[in-house]
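Enquirer: The structure's right below; bear with me while I get my questions together.
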Amino acid sequence: MTQQTIILPTPATPIAPPAPGRKFSPAKLLLTPSVAMLGLWMIVPLVMTLYFSVIRYNLLSPDQTGFVGLDNYRYLLEDPAFWPSIGHTLVLIVSVLLISVVGGTLMAVLFDQKFPGRGIARLFVIAPFFVMPTVGALIWKNMILHPVYGLWSHLFRLVGLEPIDWLADYPLWSIIVMVAWQWTPFAFLILLTSLQSLDQEQREAAQLDGAGPVRIFIHITLPHLKRAIAVVVMIESIFLLSIFAEIFTATAGGPGTETTNLPYLVYSIGLQQFDIGIASAGGVIAVILANIVSIFLVRMLAKNLRGEYDQ
Amino acid sequence: MASLTIRNLQKRYEEVEVMRDINLDIADGEFVVFVGPSGCGKSTLLRMIAGLEDISAGELRIGDQRMNEVPASKRGIAMVFQSYALYPHMTLYDNMAFGLKLAGKSKAEIDAAVMRAAKILHIDHLLDRKPKQLSGGQRQRVAIGRAITREPHVFLFDEPLSNLDAALRVKMRLEFAKLHDDLKTTMIYVTHDQVEAMTLADKIVVLSAGRIEQVGSPHTLYHHPANRFVAGFIGSPKMNFLAGTVQGFDGDFVQVQLDNGGIQSVAVERGALKAGERVTLGIRPEHLHVVHGSQIIPATVTAQESLGDHAYVYADCPAAPDGLILRVPEEEQYRPGTALQLGADPQRCHLFDASGQALARVKVLQAA
Ligand SMILES: Nc1ncnc2c1ncn2[C@@H]1O[C@H](COP(=O)(O)OP(=O)(O)OP(=O)(O)O)[C@@H](O)[C@H]1O
Ligand SMILES: [Mg+2]
């Protein structure tokens, strides 16, 4: 017979609230691991990037090293691909935001109507968001935009037109369409939930006030969606700033550098030209750009929310 | 003119019939109140009149125009919703002006209409505010104001006071009465509140399970309920119901033998009533008294509730499955367990036949 000892959990002694002025409260102590973890994850890479960005560090000539000041930044700014890449990044963000917010809003309004099979239809609409970016890009590249096998070329030939090689002729637009395809469902999802929280009686009141569907949309629905739209813009901008997988998979930044955005430029300098120093400088600039965008967005959002609650 | 005529109205949701055989005439300028238990279809009926729900069958006329196919905005109706349904992002002014702006009225006209409504409702100093910055009572006024500016032929109110506290309800109730006096527009008002119904209405419509039980003035419904449902629904506390059989007839009176042996005579027309038939006796708490004599209902006190100027005594009686309630003067105290002998003025009693229909009360003496 085996004997089992049962270890009873010792009853937890209630912890007294920390006395004011005491330096190390247990709560702070317990926070330390997560704060340390966060520091490791954030501060260390940032500091290393900053460090790499001011030294000579090329994987092809690892023996040549040393402090070079801001030379890496100068090389980067003189790189003919740099300014276009900033432009591409911004065009990508703005276009995708426009398409996904406008498309998402319209789709949310559409799918808020009652019709048979609505649940399934909503699921289909949201589906692209769950497709991995690389997979999505491959599908678009090979099955939809491909000049020979693509759906579009098929349709074009069907009506007797010359198929277009989308990725070669309109590369940035192709990327924008792919990314918008992925992010419109996200906007749709957020806006649909917001739309469902719109008081039905408000709509009916407007109806009695003589507003048709279009005016109800403009005067009642849109103002109600304002905050949700601000949230969508904010979240999407942060993610769109670092779009990489679609470009890597579909165009590899090309043709030329026509679809190279900042993250892709950093990748190509660091891991194709093996110049970690300049790539790090690009990374620092990306961080600065992200901060500018997010400060701008946080301002906008804060102003937006204030309009609703204060006064 | 904005009289309302409803003929054989029916409402179905898919195959479920939620309203049927609704026939109702509302005269121009009348204040009509819909009452009924939750889920009986008050809101549905109101929304059909407003044009927010389709009418499945039957006809709705406003004035002499058929309205079934007319869109909500063209019916000349304004509705005040239970949730107020103010537009949260607009100021009060814009809330009230919205309908007029959509109608393409000139700035001056809109201004005049909004100011007039705001003055009537005493909210003219709040016009720059947003709905969030108002109290419940003020929001209620804005909702009414929004209705007034449109100068509708008919006002619809769906439980407009149910979100307010008791004191404010009383105040707003009086303002509704005043508003109706001022505007003299046809108003239809849905409520759960007995007092609101009794005080405001020219005409009360009692609904139950998608049907109209009775239509009449507050006085009629209180003194001459058409059936057991209306008798139990109108009046607070509820009417006492006692089961019994018809024992015999004595001139204008019907003698009812109650199941627990008591006897009560009732001044109703005997109609087709026969001795031995099962009936239900109805006596309101304010008409049930402690008595001594031969015609008495025995009961046992279970509790007493004092309300300041008067008190309610709750009593058990085998003939009354729901128990009995009687109203007594504040000074009288009854301990639980006390045996009581109760009785009522025959002219104050109601009698319902086995199917629940009321027998017409005889006016031997005008009991005023
Ligand atoms: N969309 C719908 N589909 C099916 N049945 C419905 C629908 N809307 C309402 N009903 C039914 O119609 C009946 C009447 O509803 P209604 O809202 O008119 O009740 P009400 O008298 O206003 O109740 P309350 O006093 O609680 O507001 C209810 O039994 C309800 O379940
Ligand atoms: Mg209702």
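Enquirer: Where does the charge balance sit around A:Ile86 when Lys and Arg score +1, Asp and Glu -1, over other residues with C-beta under 15 Å from its C-beta?
Expert: Taking every Cβ under 15 Å from that of A:Ile86, the sum is -3.
Enquirer: If you bin the C-alpha pair distances of chain A every 10 Å from 0, what whole percents do you get?
Expert: 5, 18, 22, 21, 16, 11, 5, 2, 0
Enquirer: With 10 angstrom as the radius, rank B:Ile110, A:Ile43, B:Ile144 by how many other C-beta atoms surround their C-beta, starting from the fewest.
Expert: Fewest to most other Cβ atoms nearby, the residues stand as A:Ile43, B:Ile110, B:Ile144.
Enquirer: Can you list which of the trypsin sites (Lys or Arg not before Pro) found in the stretch B:233-320 are DSSP loop residues with at most 11 other C-beta atoms within 10 Å?
Expert: B:Lys274
Enquirer: Set Lys and Arg Cβ to +1 and Asp and Glu Cβ to -1, take the dipole of the protein assembly as shown about its Cα centre, and tell me which of B:Thr220, B:Phe176, A:Gln272 lies farthest positive.
Expert: Ranked along the dipole, the leading option is A:Gln272.
Enquirer: While we're here: Of B:Glu332, B:Glu14, how do they rank once you tally other Cβ atoms within 10 Å and put the fewest first?
Expert: In order of increasing Cβ crowding within 10 Å: B:Glu14, B:Glu332.
Enquirer: Quote the charge dipole size of chain A about the Cα centre in Debye, to the nearest 20; the model charges only the Cβ of Lys and Arg (+1) and of Asp and Glu (-1).
Expert: That gives a dipole near 960 debye.
Enquirer: List the GluC sites (Glu not before Pro) within the stretch B:28-135 that fall in a DSSP loop (any state other than H, G, I, E or B) and whose Cβ has at most 13 other Cβ atoms within 10 Å.
Expert: Answer in residue order: B:Glu69.
Enquirer: Right, here's the next one. Stick to the Cα atoms of the protein assembly as shown, pair each with every other, and give me the Kirkwood hydrodynamic radius in Å at one decimal.
Expert: 32.8 Å
Enquirer: Per the helix-only calculation at 222 nm, which mean residue ellipticity applies to chain A, given -39500 (n - 2.57) for every DSSP H run of n ≥ 4 and division by its residues, nearest 500 deg cm²/dmol?
Expert: Taking each H run of at least 4 residues, the total per residue is -20500 deg cm²/dmol.
Enquirer: Quick one: grab Rg to one decimal and Dmax as a whole number for the stretch B:4-232, Cα atoms only, in Å.
Expert: Reported Rg and Dmax, both Å: 17.7, 55.
Enquirer: For the stretch A:173-284, what size does the Cα cloud have along each of its three principal axes, sorted from largest down, in whole Å?
Expert: For the stretch A:173-284, the Cα extents along the three principal axes come out at 67, 26, 16 Å.
Enquirer: Here's something else I'd like to know. So if I average 1/r over every pair of distinct C-alpha atoms in the stretch A:58-109 and take the inverse, what Kirkwood radius in Å does that give?
Expert: This gives a value of 14.5 Å.
Enquirer: Of A:Ile295, B:Ile62, how do they rank once you tally other Cβ atoms within 10 Å and put the fewest first?
Expert: Ranking A:Ile295, B:Ile62 by Cβ neighbours within 10 Å, fewest first, gives A:Ile295, B:Ile62.
Enquirer: To the nearest 0.05, what FRET efficiency results for A:Val91 and A:Val35 with a Förster distance of 41 Å applied to their C-beta separation?
Expert: 0.60
Enquirer: Shifting gears a bit: How charged is the neighbourhood of B:Phe176? Take every other residue with its Cβ under 13 Å from the Cβ of B:Phe176, and add Lys/Arg as +1 and Asp/Glu as -1.
Expert: -2
Enquirer: Then there's this: With Cβ to Cβ distances under 11 Å as the rule, what net charge do the other residues near A:Glu204 carry (K, R +1; D, E -1)?
Expert: Residues near A:Glu204 contribute -3 overall.
Each value in this text was obtained by applying a stated rule to the coordinates, not by laboratory testing. Since this is a predicted model, take the numbers as computed values, not measurements. As a convention, Cβ positions derive from the backbone with ideal geometry for all residues, glycine included, and neighbour counts pool all protein chains shown.
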